[in-house]
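Down below is the structure, laid out as structure tokens.
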């Protein structure tokens, strides 16, 4: 418990390092990627050595975040497993690319790896279960996008199980947070699935039916709807917001989760929730910077960047 209290204090001490909404808006006015990096280099010193491309900046930011989680894992071994699952969110993209390379979906531009080597690497990275399930789903439906969904689904399910084992006040306070995660996964899967005409059986197989705010029967009905508009009308009827796209959905949930975790973090909650609150807010900041970097590289005006890409 002493280790956990120390880690909470460590997280609380970083309140002043998070960018404010106004500071994020100011980043949108950066002249170019070099200017953007100069503005954030004090908070992300590792970016000083990355190439000035959106992809390199994204990888640098996610690496920084992963390292920060590792610090908290060492400081709070009691919740190390939960933090390991949280870290998988930013390490997942590499594992997905490796699996897609193994399955012949994409061709690696880097070092050529044998299939056995990729399997061993995925195991070391902690993604062996996801890789096995994603391979089965891909072989069954032949839809590459579902591989990403399998990885995300497994992470949410594992996080739910880990929080349940933790129990107590921490589990209770984070139930709403987990519910939001489940909702956004399910609704994003439905919207993108219908938009791309993915087999409804595949969607049914991947939906998470427990833990979210949408009842399982409503989700089963949603899969049967002929259009995205019908799905959105159905979920709006159970109290969820009216959205018109996956982007609107992402914006709504990022803002909602941010408000929830801000309360958890800034209200002096002295358990695992304070650490998870900080990490969630940090990840929101990183995602915003990544979106800003991509928008600047495309030559978008600052006003449009603020309106469309800062959540």
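The values are calculated or read from the model by the stated rules, or taken from the named source; none is laboratory data. As the structure is a prediction and not an experimental result, all values here were calculated from the model. Don't worry about glycine lacking a Cβ; one is built from the backbone with ideal geometry, like all the others, and counts go over all protein chains shown.
Brief remarks on what is shown
- Of all residue pairs spaced 6 or more apart or on separate chains, none has beta-carbon atoms under 9 Å together with a first member in segment 108-130 that is within 23 Å of residue 152 (Cα to Cα) and a second member that is loosely packed, with under 12 Cβ neighbours inside 10 Å and at pLDDT below 90.
Yes/no per residue for (1) more than 24 Å from residue 128 (Cα to Cα); (2) in contact (Cβ under 8 Å) with a residue 40 or more places away in the chain; (3) crowded, with 18+ Cβ neighbours inside 10 Å:
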| site | (1), (2), (3) |
| --- | --- |
| 58 | yes, yes, yes |
| 74 | no, no, no |
| 79 | no, yes, yes |
| 99 | no, yes, yes |
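- Selected residue [outside any helix (DSSP H, G or I) and either modelled with pLDDT of 90 or more or surrounded by fewer than 19 Cβ atoms within 10 Å (Cβ to Cβ) (or both)] from 52, 62: 52
- Any hit, segment 106-119, residues being in a helix (DSSP H, G or I) and either at pLDDT 90 or above or in contact with a strand residue (DSSP E or B) (Cβ under 7 Å, 6 or more places away or on another chain) (or both): no
- Matching residues in segment 15-31 - criterion: being part of a loop (DSSP other than H, G, I, E, B) and surrounded by 13 or more Cβ atoms within 10 Å (Cβ to Cβ): 18, 19, 28, 29, 30
- Among helices (runs of 4 or more DSSP H) entirely within segment 194-273, having at least 2 residues that are modelled with pLDDT under 75, crowded, with 17+ Cβ neighbours inside 10 Å and out of contact with any strand residue (DSSP E or B) (no Cβ under 9 Å at 6 or more places or on another chain) singles out 246-266.
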